[in-house]
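Accompanying notes for the structure given below.
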Amino acid sequence: MTSRPTFSVELFPPKDEAGEERLWSTLEKLKPLKPDYVAVTYGAGGSTRDRTIRITSQITERSSIPTIAHLTCVGSTEKQLTEILNQYKSAGINSILALRGDPSGGPQSEWVSTPGGFDHADQLVELAISLGFEVAVAAFPDGHPASAGDFERDLKVLIRKEELGATSATTQFFFDPQRYFALVNGLKERGSKLTVYPGVLPITNVKQVKRMAELGGTPIPNWILQKLSEAGEDAAKVREVGIEIAIELASALLAGGVPGIHFYTMNSASPTDEIVKRIGLR
């Protein structure tokens, strides 16, 4: 019997109390859908880091939804990363998505090392595994910003992380399902058993998605740009078009046999709620 595809969501830690209220409201609206897990991104540095750890821990406490905590190497020593992992473990969080993280100037900027810290995600994978965590990693159907289009290099990096103990990967958002299947097939051809979950971003803000795509090196197909252009400045129309685009992508992925779909909610519940119901994930 084939198990049903999973459904998961990503939330990001807010920067202030108003944003925090919105996050809890979003979580309450998503709870009836019973996501298989919630992933919480990591805000590095100072108060943002403290808020991230607190909120990630509280999501686990407030809901019955399993939580995966993102963790990056940015601005932290190995000792600090160990302390954060131990805090998560004490809060009942046993799963980590290990990332190098983006340089302060953005994904395409030069990496700046932290003395006593890590320069590569595989070092963080190794540390988290040694502390007893289940570890997931990131995958990039359109290529990692630092790999300059070297598809083979991206595959080797993922396989190296799998060899260190990572059991799954979640992709950066993308718009061409064939890029996802090319990545998965490339891994399988090299003997990998890594489970790769595709990440889908429902478009609700044109400027936002264009900026995110530019920073991450994610091409937006012309047909999508055309549809968004036709929607113009009408926010409701942009939302409608964005949902239809996400449904088309998710449907193609499900038809291809993906293990599940991970939604980048941008801390807004309603687009994901509508998409999940319309494609039959819930």
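Derivation of every value follows stated rules applied to the coordinates shown; laboratory data play no part. Owing to the predicted nature of the structure, the values given are computational and were not obtained by experimental measurement. So basically every Cβ, Gly included, is an ideal-geometry build from the backbone, and we count neighbours across all protein chains shown.
If amide H atoms are built 1.01 Å from N in the plane of the peptide, which residues on other chains or at least 5 residues away come under 5 Å of the amide H of F263?
The answer is S8, V9, E10, V200.
For W24 and E61, compute 0.36 nm times the residue count separating them, minus their Cα-Cα distance, and round to one decimal in nm.
12.1 nm
Could I have the simple spin-label model distance between K15 and E214, label points 7 Å from Cα toward Cβ, reported in nm to one decimal?
Spacing of the two 7 Å Cα→Cβ label points: 1.8 nm.
Give the order of I279, I245 when sorted by the count of other beta carbons within 10 angstrom, beginning with the fewest.
The most exposed by this proxy come first: I279, I245.
Restricting the count to DSSP beta bridges whose residues both fall in the chain, what percent are antiparallel, rounded to a multiple of 5?
Around 5 percent of the beta bridges assigned by DSSP in the chain are antiparallel ones.
In sequence order, what are the phi-derived ³J(HN,Hα) couplings for the stretch 33-40 according to the Karplus relation 6.51 cos²θ - 1.76 cosθ + 1.60 with θ = phi - 60°, rounded to whole Hz, with x for glycine and proline?
6, 6, x, 5, 6, 10, 9, 10
Rank P202, P141, P14 by mean-square fluctuation in a GNM of the chain with C-alpha springs under 10 angstrom and give only the top-ranked residue.
The residue with the greatest mean-square fluctuation here is P14.
Among the lysines, which fall within straight-line cross-link reach of K79, defined as a Cα-Cα distance under 27 Å, with same-chain neighbours fewer than 8 residues apart omitted?
Straight-distance partners of K79: K15, K89, K161.
Would you mind working out the magnitude of the charge dipole of the chain relative to its Cα centre, with +1 at each Lys and Arg C-beta and -1 at each Asp and Glu C-beta, to the nearest 20 Debye?
520 debye
Over what distance in Å are the Cα centres of the stretch 226-282 and the stretch 51-98 separated?
One Cα centre to the other: 28 Å.
Please list, or write none, the aspartates and glutamates whose alpha carbon is within less than 16 Å of the alpha carbon of K277, excluding same-chain residues fewer than 8 places away.
Result set, ordered by chain and number: D36, E240, E244, E248.
Can you give the calculated 222 nm mean residue ellipticity of the chain, where each DSSP H run of n ≥ 4 adds -39,500 (n - 2.57) and the sum is split over every residue, rounded to the nearest 500 deg cm²/dmol?
-15000 deg cm²/dmol
Using a ≥ b ≥ c from the Cα gyration tensor of the chain (square roots of the eigenvalues), is it rounded, prolate or oblate, where a/c under 1.5 gives rounded and otherwise the larger of a/b and b/c decides, a/b for prolate?
It comes out rounded by the Cα gyration axes.
Here is the link list: K156/K210; K29/K207; K210/K237; K31/K210. Which ones come out longer than 21 Å on Cα distance?
Beyond 21 Å: K156/K210; K29/K207; K31/K210.
Can you check what the net charge comes to around P259, using other residues whose Cβ is under 14 Å from the Cβ of P259 (Lys, Arg +1; Asp, Glu -1)?
Computed value for this residue: +2.
Rounded to whole Hz and in sequence order, give me ³J(HN,Hα) for the stretch 165-177 from the Karplus expression 6.51 cos²θ - 1.76 cosθ + 1.60, θ = phi - 60°, writing x for Gly and Pro.
Each residue of the stretch 165-177 in turn: x, 5, 10, 8, 9, 10, 7, 4, 5, 7, 10, 10, x Hz.
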